[in-house]
Amino acid sequence: MDLCRQEDIVLSSGHIGPEECIALAEGAARRGFEKLLICHPNAWLEDFTDDVLKMLAGHGAYLELTFGACSPLHGRQNPRLIADIIRLVGPERCVLSTDYGQVECSSPPEGLRMFCVILSKCGIPDEAIATMTRKNPRMLLGLEG
């Protein structure tokens, strides 16, 4: 984490459990490290409860919410659950992505377009979608300005 901070790069949690993510988020908060991305917790909502998600966001972590869990061959998650997460922690703590790239999925750009349309139909405002697809990723990647 210290090396990521020194080099100004994002640290993704990868596929670890909620306890490990909480430990990472607490460590990041103690160090003032602001570029921690929690890898698609929406794929494991039985483990990443509302309380865990609020705790992670409260420590300054970003939640990478992915459309892949909604796909027919990858879980068929109801996208309204993702909209609920956005409302729970706020779009300021979320990043949208697809987790696509597999041959059975749409292209990542098309998947992201579909994800944004569906979230809009679930009541997520366009401004919030722009925050999660443009503003937050730009900040994490150091492309602000």
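Taking first residues from the stretch 16-35 that are touching a residue at least 60 places away in the same chain (Cβ under 8 Å) and partners that are assigned to a helix (DSSP H, G or I), the Cβ contacts under 7 Å between residues at least 6 apart in sequence or on separate chains come to 35/4; 35/140. Of all residues in the stretch 41-49, at least one satisfies being surrounded by fewer than 17 Cβ atoms within 10 Å (Cβ to Cβ) and among the aromatic types (Phe, Trp, Tyr). Only residues that are touching a Leu at 6+ places or on another chain (Cβ under 8 Å) and surrounded by fewer than 22 Cβ atoms within 10 Å (Cβ to Cβ) were counted in the stretch 60-76, giving 1. Whenever a residue of the stretch 119-145 is touching a residue at least 60 places away in the same chain (Cβ under 8 Å), its partners that are surrounded by 12 or more Cβ atoms within 10 Å (Cβ to Cβ) and hydroxyl-bearing (Ser, Thr, Tyr), lying with C-beta atoms within less than 7 angstrom and at least six residues away or across chains, give the pairs 136/62; 140/62.
Picking from residues in the stretch 1-24 that are among the small types (Gly, Ala, Ser) and under 14 Å from the mean Cα position of the chain (by Cα), the one that is surrounded by the fewest Cβ atoms within 10 Å (Cβ to Cβ) is 14. Taken together, the residues in the stretch 112-132 that are surrounded by 12 or more Cβ atoms within 10 Å (Cβ to Cβ), closer than 18 Å to residue 80 by Cα and either among the acidic types (Asp, Glu) or touching a strand residue (DSSP E or B) at 6+ places or on another chain (Cβ under 9 Å) (or both) amount to 7.
Read-outs throughout are calculated quantities, based only on the coordinates presented, and are distinct from any laboratory measurement. Not measured: the values here are computed from a predicted model. For neighbour counting, all protein chains shown are included, and Cβ atoms are generated from backbone atoms with ideal geometry for every residue, glycine included.
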